[in-house]
Amino acid sequence: MPVFIAGFPQLLRFKRTVKTSIFIPTQHHQALHRKDITFAVQRQPTNFKEASEFYISLIKECIASKSIAQVRKIQLHMMGCGFPHLSLGNKLIDAFLKCGGVADARVLFDELPQRHIVVWNSMIAGYVRHNMGEEAIHLYKRMHFEGVFPDDFTLSSVFKVFSDLGLVSEGRQTHGHAVVLGLGASNAFVGSALVDMYAKFGKMRDSRLVADRVVEKDVVLFTALIVGYGQHGEDGEALEVFGSMIKQGVKANDYTFSSVLVSCGNLEDICVGKVVHGLTIKSGFESAIASQTSALTMYSKCGLIDESLRAFELMVTPNLVSWTSLIVGLVHNSRQEIALSKFRQMICSSVTPNSFTLSAALVACSSLAMLDQGKQIHNIIMKLGLDQQKFIGAALVDLYGKCGCVEFARLAYDSLFEIDVVPVNAMMYAYAQSGFGLEALELFYSMKDKGLEPNDVTLVSILSACNNSRFVDEGRRIFSSLRSNQNIKLTQEHYACMVDLLGRAGRLQEAEMLINEVESPDVILWRILLSACRIHGDLAVANRIINRVLELSPRDEGTLVLSSNIYASTGNWAQVLEMKTSMRDARLKKSPAMSWVDIDSTFHTFKAGDWSHPRSKEIKEMLEELSVKVKHLGYVPDTRFILQDLDENEKERSLCYHSERLAIAFSLWRTYQKTTCIRVYKNLRVCGDCHTWIKLVSKVIAREIIARDAKRFHHFKDGFCSCGDYW
DNA sequence: ATAGGGTTAG
């Protein structure tokens, strides 16, 4: 008969120094291994009670150190010593489950000659914790079959399975069973499981009904309800629940605060947000990481990005989610460059980004069209094996589309694992921006076959595609067929596309009628129509609109600039002066035209006639070289595009030094030996004369030039542009 | 003896 009782004092002393495995003695007087909790055998067994107490304390240690191996060793030891280990079966099962050994637990479970309700509950809860809902349900059914009635413990686990697996009718049915058993809302555990389940099903009314029926509501139940409201966009309701919870004297904890702060952020309610944040600190959850993270998000959603940065600085050890929230917040507040530098810092502090972080970083790159940096992030994504993730896939399509790399966008699109409407929209928009109208239409019409419903963004994308490819009738047809679609809420953006489409095609009247359909139309719509008037030289309509718009908003910068340009292009210098005076009076400054190129991840920006770049000499030489060559191809400067009252010579010289030309010349100088394409970005539209000039330059240098202006991409190649001179 | 709620996205 083996000896099995150990000396507890030694055991405790040794386990304090280490926390790893249990060494099983083969002899009665074994050496004590430094790195093991050891069965130091000192005396003969006394009784069963003492032995089981000993094993129970060992099992407790195992749970704390989360080691399956140790639990197995205890089990073996019990068997080796002839201790009836099944008498501690529920303890062992629990220990296995808490250390991740679900299979071991199940073996023991099946071996038990009779199973107490507690064992069933432990096993079911274990399956739920390990995301093995199917098994949990299976066991739950078998339990009935064996005549064991579920209790409140069982039910709270089972409701969680239904909510995890989205089994609505099963959940309802079991709720019914619970009521029959008298456990409907008997305690806060069952109650919060039900509240959470209905909330996850999106059935907030049912969730609320259950919550109201629970007599002894606790903080978990309230939090589940608050989260439910928050996740279904009912943040106001969430705050009300929080208020009534406080009123009832239930103390909020870090879980509650983080959820409530999220709701404040969603409501962009900085006043309540600040109060709740103060309360969080007062309640002692100042350094609870999730609450801190939610506070950070709340500030960034309210536009207080500095406050958000400060919240981040206060974190001692920011985790992945905190870093991600910070980066997301920065991107949403147009601080893309800081966002990317934080992203780099995060990687340096060895926090591995996940798909949330990476998609935010991609958005940062795509909104500034930073192709090189975007590609670097794409590399990280490949290394982490996250390229199949759906949000990442969509963000990649978006990135390459926004950088004008239609082929890459298509590659990313084709390698998507599952298609939903977002990447289709992104791909369509990529086509739209580069003027591939037919491809965009093809994608649009293929949505039906894929079972995808178009949404608001789809409509913007396809209308932009039609707009940029001058598909007037097609655009009109799509607009009228989708304008009454339940799924689509028409915004001014949709009208803007249509007004531009019609206006540029010369249907000024139709465009104006469309604007009049809009309830309180934005100035932007009128501005678009104005610029159509300018293209078609309709000064009469233009005058009417200018007066109307300036009556509505006399200080609108865009309108004043555009009007001044219209008057300048028709030689009405007196009116130009009037517009400029209005601008000066309103203290408005025209935002200067600017172009930039990204060379080796460094931006070089240029303004017209600006020679402050350290390589100005080379740029000038390059421009002169190009000037000679393009003149050979028949280039004649078109000074109609100069909207200043200058003489012809001055106008010509002014054209030569438009910002996009400086940028192209610089890029060409830096990459002279290469054959890759030149990419240039401009904040405003490319003028007609530069457009002609760039077409010719692309022929002279036999390289593709991709230019993104405020509205679209122009792919210049061999003397032609993808926009077909319509933009 | 066994149980419940949270922070980040295209």
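The values are calculated or read from the model by the stated rules, or taken from the named source; none is laboratory data. Note that this is a predicted model, so its numbers are computed, not measured. Here Cβ is always computed from backbone atoms with ideal geometry, including for glycine, and neighbour counts include all displayed protein chains. When the accessible area is computed, the model is the full protein with side chains, heavy atoms only, and any ligands, DNA or RNA have been set aside. Shrake-Rupley method; radii C 1.70, N 1.55, O 1.52, S 1.80 Å.
Please find, within the range A:87-118, the residue that is nearest to DNA strand B (Cβ to nearest atom) out of those that are aliphatic (A, V, I, L, M) and closer than 21 Å to A:G147 by Cβ. It would help to see each step written out before you state the result.
So the first thing to find is which residues in the range A:87-118 are aliphatic (A, V, I, L, M), and the list is A:88, A:92-93, A:95, A:97, A:102-103, A:105, A:107-108, A:112, A:117-118.
Those still in the list that are closer than 21 Å to A:G147 by Cβ too: A:93, A:112, A:117-118.
Values: A:I93: 9, A:L112: 10, A:I117: 6, A:V118: 4 Å.
Result: A:V118.
In this structure, does A:I546 turn out to be under 28 Å from A:P454 (Cβ atoms), open to solvent by less than 60 Å² (accessible area, probe 1.4 Å) and touching a helix residue (DSSP H, G or I) at 6+ places or on another chain (Cβ under 8 Å)? Write out each step before concluding.
On the way: under 28 Å from A:P454 (Cβ atoms): no; open to solvent by less than 60 Å² (accessible area, probe 1.4 Å): yes; touching a helix residue (DSSP H, G or I) at 6+ places or on another chain (Cβ under 8 Å): yes.
It is false that A:I546 is under 28 Å from A:P454 (Cβ atoms), open to solvent by less than 60 Å² (accessible area, probe 1.4 Å) and touching a helix residue (DSSP H, G or I) at 6+ places or on another chain (Cβ under 8 Å).
Given the conditions (1) assigned to a loop (DSSP other than H, G, I, E, B); (2) over 17 Å from the mean Cα position of the chain (by Cα), report the number of the one that A:V276 does not fulfil.
(1)
Got a sec? Which of A:S350, A:S355, A:S367 is under 15 Å from the mean Cα position of the chain (by Cα), at pLDDT below 95, surrounded by fewer than 21 Cβ atoms within 10 Å (Cβ to Cβ) and among the small types (G, A, S)?
Values: A:S350 fails: under 15 Å from the mean Cα position of the chain (by Cα); A:S355 fails: at pLDDT below 95.
Criteria check complete, one pass: A:S367.
Which of the residues that make up the range A:244-298 are out of contact with any Gly (no Cβ under 8 Å at 6 or more places or on another chain) and among the charged types (D, E, K, R)?
A:K247, A:K251, A:D254, A:D269, A:K274, A:K282, A:E286, listed by residue number.
Residue by residue through the range A:119-138, note down the ones that are modelled with pLDDT of 95 or more, closer than 23 Å to A:G191 by Cβ and either open to solvent by 30 Å² or more (accessible area, probe 1.4 Å) or away from DNA strand B (no atom under 13 Å from the Cβ) (or both).
A:I137
Scan the range A:669-699 for residues that are modelled with pLDDT of 90 or more and in a helix (DSSP H, G or I) and report the count.
11
Restricting the search to the range A:287-314, which residues are within 12 Å of DNA strand B (Cβ to nearest atom) and part of a loop (DSSP other than H, G, I, E, B)?
Scanning the range A:287-314 gives A:S287, A:A288.
If I go through the range A:646-668 residue by residue, how many of them are modelled with pLDDT under 85 and assigned to a helix (DSSP H, G or I)?
Summing the residues that are modelled with pLDDT under 85 and assigned to a helix (DSSP H, G or I) in the range A:646-668 gives 9.
Among the numbered criteria (1) surrounded by 20 or more Cβ atoms within 10 Å (Cβ to Cβ); (2) within 12 Å of DNA strand B (Cβ to nearest atom); (3) under 22 Å from A:A224 (Cα atoms), which one does A:T174 miss?
Looking at each condition in turn, A:T174 falls short on (2).
Which ones in the range A:233-254 are open to solvent by 20 Å² or more (accessible area, probe 1.4 Å), within 24 Å of A:L304 (Cβ to Cβ) and near DNA strand B (Cβ under 10 Å from one of its atoms)?
Once the filter is applied, which keeps residues that are open to solvent by 20 Å² or more (accessible area, probe 1.4 Å), within 24 Å of A:L304 (Cβ to Cβ) and near DNA strand B (Cβ under 10 Å from one of its atoms), the range A:233-254 yields only A:D254.
Among A:S169, A:S263, A:S207, which is the only one that is of a type outside the set (V, I, T), within 12 Å of DNA strand B (Cβ to nearest atom) and either closer than 21 Å to A:S325 by Cβ or open to solvent by 40 Å² or more (accessible area, probe 1.4 Å) (or both)? Steps first, answer last, please.
Working: A:S169 fails: within 12 Å of DNA strand B (Cβ to nearest atom); A:S207 fails: either closer than 21 Å to A:S325 by Cβ or open to solvent by 40 Å² or more (accessible area, probe 1.4 Å) (or both).
After ruling out the rest, the residue left standing is A:S263.
Step by step: first the residues of the range A:315-334, then only those that are in a helix (DSSP H, G or I) and either under 13 Å from A:A288 (Cβ atoms) or touching a Cys at 6+ places or on another chain (Cβ under 8 Å) (or both), then the one that is nearest to DNA strand B (Cβ to nearest atom). Which residue is that? Full working, then the answer.
So in the range A:315-334, the residues in a helix (DSSP H, G or I) come out as A:320-332.
Filter once more, so that each one left must be either under 13 Å from A:A288 (Cβ atoms) or touching a Cys at 6+ places or on another chain (Cβ under 8 Å) (or both): A:321-322.
Numbers: A:V321: 4, A:S322: 6 Å.
Checking each candidate, the answer is A:V321.
Would you list the helices (runs of 4 or more DSSP H) that sit entirely within the range A:132-247 and hold 3 or more residues that are over 37 Å from the mean Cα position of the chain (by Cα) and of a type outside the set (S, T, N, Q)?
Working: elements: A:133-145, A:152-165, A:168-180, A:188-200, A:204-213, A:219-231, A:235-247.
Ranges flagged: A:133-145, A:168-180.
So that you can scan it fast, the table gives a plain yes or no per residue for (1) in contact with a helix residue (DSSP H, G or I) (Cβ under 9 Å, 6 or more places away or on another chain); (2) surrounded by fewer than 19 Cβ atoms within 10 Å (Cβ to Cβ); (3) under 30 Å from A:L562 (Cβ atoms):
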site	(1), (2), (3)
A:F606	yes, no, yes
A:W611	yes, yes, yes
A:L655	yes, no, yes
A:R661	yes, no, yes
A:T676	no, yes, no
A:V686	yes, no, yes
A:D689	yes, no, yes
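Mind counting the residues in the range A:700-727 that are part of a loop (DSSP other than H, G, I, E, B) and either closer than 23 Å to A:T605 by Cβ or open to solvent by 40 Å² or more (accessible area, probe 1.4 Å) (or both)? Explain how you work it out, then say what you get.
Taking the range A:700-727 first, the residues part of a loop (DSSP other than H, G, I, E, B) are A:702-704, A:709-712, A:718-719, A:722-727.
Imposing the further condition that a residue be either closer than 23 Å to A:T605 by Cβ or open to solvent by 40 Å² or more (accessible area, probe 1.4 Å) (or both) reduces the set to A:702-704, A:709-712, A:718, A:722, A:724-725, A:727.
Here the count works out to 12.
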